[in-house]
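Since the structure comes first, as structure tokens, the remarks are kept for the end.
The values are calculated or read from the model by the stated rules, or taken from the named source; none is laboratory data. None of the values given here were measured: they were computed from a predicted structure. Positions of Cβ are generated from backbone atoms using ideal geometry, with glycine treated the same way; all protein chains shown enter the neighbour counts.
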Amino acid sequence: MTASYLVVDQETGAAFGSDEHKQYRSASLVKLFIALDYLESHGPDYQIPADDLALLEPMLRSSNDDAASTLWVRDGWDEIVKRMVVKLGLTDTAPPTSRGKWGYTAISAADIVRTYQYIEQEANPRYRAFIMGNLAQSTKCGSDGFDQSFGLPSAIFEPMAVKQGWSGFGAAPAPGQECHETDARALRRLSSPDVRAATAVASSGEGTTGAVQGIDLTSRAMHTSGTVSSGNGKIVVVLTLEPTTLSWQDSATRITDLTREVYAQSAL
């Protein structure tokens, strides 16, 4: 395993980390940028239309890729990442070289922690309530059928808000291990013509091109991030790369064990 992590106590400022500035492909963690950019661009008094809620909510709760692709294309492609880099002061984050492959955005544990700090401490309270409220309703199953309860949800039994990411495991889990989207409103919205058009030109990314130079696209990526404990007191980010020989369950077990250890060590 290749791993980087960072835990920050929002009350004391105490931090515990390792290799937190190493760059990884974002996978679905870029959805934090997509959601925050959407809210920032419309302003706090904007009433989110039902059609957009049907994209934003499954994107944040169930990591829906089609929803992310739709908002990515509509709101400026790689310009979303560029705006977030400037607004949040990110140092390791960069857009993908192939603008359609949003999952190849470069990130680091330090920059994802900074993103949560901005949402929690500096963003308009309405943006914070929307993003963190949806992450607090993170589903066990991702919209693509993978079990996204690895890492924080399985390692730490405290209130939390979670955003997960994974890449390189294929389009669907092994037969017999699937989970399914059950939100009827989301299913209707995600089958609409504009969503189908967006997913034809944008995706989480497959293949070996489109990433920032030096980013590993061969290993399987599995990331867990979020806030933990009452009042979202601690921010925890664990980014990992695994060999392609390991199964989803093996990788999930390994990142869960690592997350449990990192969180325990951060409290010492």
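β-branched (Val, Ile, Thr), over 18 Å from the mean Cα position of the chain (by Cα) and farther than 21 Å from residue 165 by Cα, is that true of residue 12?
Working: β-branched (Val, Ile, Thr): yes; over 18 Å from the mean Cα position of the chain (by Cα): yes; farther than 21 Å from residue 165 by Cα: yes.
In short, yes.
If you take just the helices (runs of 4 or more DSSP H) that sit entirely in region 133-241, which of them hold at least 2 residues that are more than 21 Å from residue 102 (Cβ to Cβ) and modelled with pLDDT of 90 or more?
Those helices (runs of 4 or more DSSP H) span 152-155.
Hey, any hits in region 244-257 for a residue that's surrounded by fewer than 13 Cβ atoms within 10 Å (Cβ to Cβ), at pLDDT 80 or above and part of a loop (DSSP other than H, G, I, E, B)?
Yes, that holds for at least one residue.
What number of residues in region 26-49 are in a helix (DSSP H, G or I) and either modelled with pLDDT under 95 or of a type in the set (Lys, Arg) (or both)?
The total comes to 1.
Go through region 88-102 and count every residue that is among the β-branched types (Val, Ile, Thr) and surrounded by fewer than 21 Cβ atoms within 10 Å (Cβ to Cβ).
The total comes to 2.
For the subset of region 135-145 comprising residues that are buried (at least 20 other Cβ atoms within 10 Å of the Cβ), out of contact with any strand residue (DSSP E or B) (no Cβ under 6 Å at 6 or more places or on another chain) and not hydroxyl-bearing (Ser, Thr, Tyr), which member is nearest to residue 236 (Cα to Cα)?
142
Here are some residues: 36, 60. Which one is surrounded by 22 or more Cβ atoms within 10 Å (Cβ to Cβ) and within 17 Å of residue 144 (Cα to Cα)?
After applying the criteria, what remains is 60.
Name the single residue that is surrounded by the fewest Cβ atoms within 10 Å (Cβ to Cβ) among those in region 103-131 being among the hydrophobic types (A, V, I, L, M, F, W, C) and closer than 15 Å to residue 38 by Cβ.
That would be 129.
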